[in-house]
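K.L.:
I am attaching a structure below and will ask some questions about it afterwards.
Nothing in this text is a laboratory measurement; each read-out follows from the coordinates by a stated rule. Small disclaimer: the values here were computed from a predicted structure and weren't measured. Positions of Cβ are generated from backbone atoms using ideal geometry, with glycine treated the same way; all protein chains shown enter the neighbour counts.
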Amino acid sequence: MFDVAIIGAGPAGTAAAFDLLVKGLKVLLIDKYEFPRKKACAGGITPKGYHLFRYDISPVVKRQCQTIKINPLNQKSFFINDEKTLCYMTKREDLDLFSLKKVIEKGADFKVIKNIASINETPTFVEIKTPGQSYKASYLIGADGANSKVRQQIFQTKFYKKQFALEADLKIDLIDRHQMEFDFSKLKNGYFWIFPKDDHINIGIYSIDSKVRLSTQTLFDYAKQRFGSNRLKAIKGYPICTNGFNYKPDSKRILLAGDAAGLAESLLGEGISFALKSGQMAAASIIESKTGSVSAGDLYLKKLKEIQADLRFYDLSAKWFYNFPRLSFKALPIPFIHKRFVKGYADGKTIKQILYEG
Ligand SMILES: Cc1cc2nc3c(=O)[nH]c(=O)nc-3n(C[C@H](O)[C@H](O)[C@H](O)COP(=O)(O)OP(=O)(O)OC[C@H]3O[C@@H](n4cnc5c(N)ncnc54)[C@H](O)[C@@H]3O)c2cc1C
């Protein structure tokens, strides 16, 4: 019998595992793939996410960007600069392998299981059945991403929303490898990104509008037009799960974290920092529930309020931003507004803290 079983070894799962292991709990970590495995993600980590890691991830950071170029719709491009890092560039297969090794070193029992047959919660434990095996744990954390199987098993209602993003790698010579770019000029209700890595760039496309078709052809055309080359490698697409401000852990012993709980933001599709934070909150709730009278589910709901309030802000900002792009882009370059955002962002503040505290 394990103290905690975690399904999904992405940022949410490994962040939860690490904190549980530090407190001496017996952790089973399950993923459906052997690592390293490919993961559709541009691997950009904001300062607020970077500082959440309990260990130094600099060995897997490929670039630190201090400049962001913004290409608005029908307006001149502008730059956002800071002496501090605005985004840390990683490759997800490297980052996730690095984190997995950290939790295995700490004592996690890692198993690759392709198929979860059923999940049953009893008053005292949770049972995970796979074809031919059964695992019991006092608690289960579902950290299995946007298409979460755990969520499918325990929730009848749809509290989340799926956005979509597509990405690929391209080998080109970039003049400035410390500059990342968001290009809003070519897509309605979304953007193309260009993220510099060590020997290539990652380009991708994200939209909040389900009617906008994000096809590989769109990405090929964009690459050709921008860089004169469409030799894209490793094209991958996947949903990003947002609107988790409506998630309530109804169960006392099964908690969802990260994209499984819809805890990515809808404005730009950032999800890693929320996955880390919610994984850590899920772990803290389980640890606290073992010594008190409040259930892990209730403790988690209380802790999640901070993230959920922030995600609501992002949701409102996304609606405002994409519905009134001309106004948004007029406001952003104004030094008072943009300095406040950049400073708050580089200091790792949440969007709510930036707006209210400056
Ligand atoms: C194209 C794209 C680009 C993105 N770029 C960024 C970015 O630059 N920065 C950023 O912050 N966010 C980005 N995101 C969002 C980010 O990838 C997610 O929000 C983040 O990965 C969520 O972490 P997680 O741990 O919740 O889930 P995941 O990272 O999805 O991890 C889930 C894990 O569960 C495993 N799993 C899934 N199903 C099962 C199962 N049935 N059984 C066992 N294991 C299972 C998976 O193999 C995986 O290892 C991007 C998303 C996409 C699609």
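K.L.:
Where both partners of a DSSP beta bridge lie in the chain, what percent of those bridges are antiparallel, to the nearest 5?
P.N.:
70
K.L.:
Turning to a different aspect of this structure: Largest first and in whole Å, what are the equivalent-ellipsoid semi-axes of segment 1-48 based on the Cα gyration tensor, each being the root of 5 times an eigenvalue?
P.N.:
23, 15, 6
K.L.:
Jot down the per residue volume, in cubic angstrom and as a whole number, of the convex hull over the alpha-carbon atoms of segment 150-257.
P.N.:
Convex hull of Cα atoms, per residue: 143 Å³.
K.L.:
Here is a further query. Write down, largest first, the equivalent ellipsoid semi-axes of segment 7-83 in whole Å, where each equals the square root of 5 times an eigenvalue of the alpha-carbon gyration tensor.
P.N.:
34, 16, 11
K.L.:
Separate question: Rounded to whole Hz and in sequence order, give me ³J(HN,Hα) for segment 8-18 from the Karplus expression 6.51 cos²θ - 1.76 cosθ + 1.60, θ = phi - 60°, writing x for Gly and Pro.
P.N.:
x, 10, x, x, 5, x, 6, 5, 5, 4, 4
K.L.:
Counting only helical runs of four or more DSSP H residues, what would the 222 nm mean residue ellipticity of the chain come to if each run contributes -39,500 (n - 2.57) and the total is spread over all its residues?
P.N.:
Here the helix-only value at 222 nm equals -10500 deg cm²/dmol.
K.L.:
I'm a student and want to see the number: the projected area of the Cα convex hull of segment 203-246, averaged over all directions, in nm².
P.N.:
Computing the convex hull of the Cα atoms and averaging its projections yields 3.9 nm².
K.L.:
Kirkwood Rh and Cα-based Rg: tell me the resulting Rg over Rh for segment 265-358, rounded to two decimals.
P.N.:
Taking Rh as the inverse mean 1/r over Cα pairs, Rg/Rh reads 1.10.
K.L.:
Give the value in nm², to one decimal: projected area of the alpha carbon convex hull of segment 2-357, averaged over all directions.
P.N.:
The orientation-averaged projected area of the Cα hull of segment 2-357 comes to 17.6 nm².
K.L.:
Using only C-alpha atoms and all pairs of different ones, pull out the Kirkwood radius for segment 66-142 in Å with one decimal.
P.N.:
17.3
K.L.:
Now a separate question. Give me, ordered by chain and number, the residues 5 or more places off T90 or on other chains with an amide H under 5 Å from its own placed amide H.
P.N.:
G44, I45, K62
K.L.:
Along the charge dipole of the chain, pointing to its positive end and built from +1/-1 on Cβ of Lys, Arg, Asp and Glu, which listed residue (C87, G24, Y314) has its Cα farthest out?
P.N.:
Positive-end residue among those listed: Y314.
K.L.:
Taking the Cβ of each residue in R340, R326 as the centre, tally the other Cβ atoms inside 10 Å and list the residues starting with the fewest.
P.N.:
Lowest count first: R326, R340.
K.L.:
Once you charge only the Cβ atoms, +1 for Lys and Arg and -1 for Asp and Glu, what is the size of the charge dipole of segment 6-60 about its Cα centre, to the nearest 20 debye?
P.N.:
Its charge dipole is roughly 100 debye.
K.L.:
Tell me the volume per residue, in Å³, of the convex hull enclosing the alpha carbons of segment 142-206.
P.N.:
In segment 142-206, the Cα hull volume divided by residue count equals 122 Å³.
K.L.:
Can you pull out the trypsin sites (Lys or Arg not before Pro) in segment 75-178 whose DSSP state is coil and whose Cβ has at most 15 other Cβ atoms within 10 Å?
P.N.:
Listed in order of number, the matching sites are K76, K84, K114, K158, K171.
K.L.:
Could I ask something else about it? Please figure out what share of the DSSP beta bridges in segment 54-183 is antiparallel and state it in percent, rounded to the nearest 5.
P.N.:
Around 75 percent antiparallel, to the nearest 5.
K.L.:
Next up: Per Stokes-Einstein, at 10 °C and 1.306 mPa s, what whole-number D in µm² s⁻¹ belongs to segment 38-188, with the Kirkwood radius over Cα pairs as the hydrodynamic radius?
P.N.:
In µm²/s, the coefficient rounds to 82.
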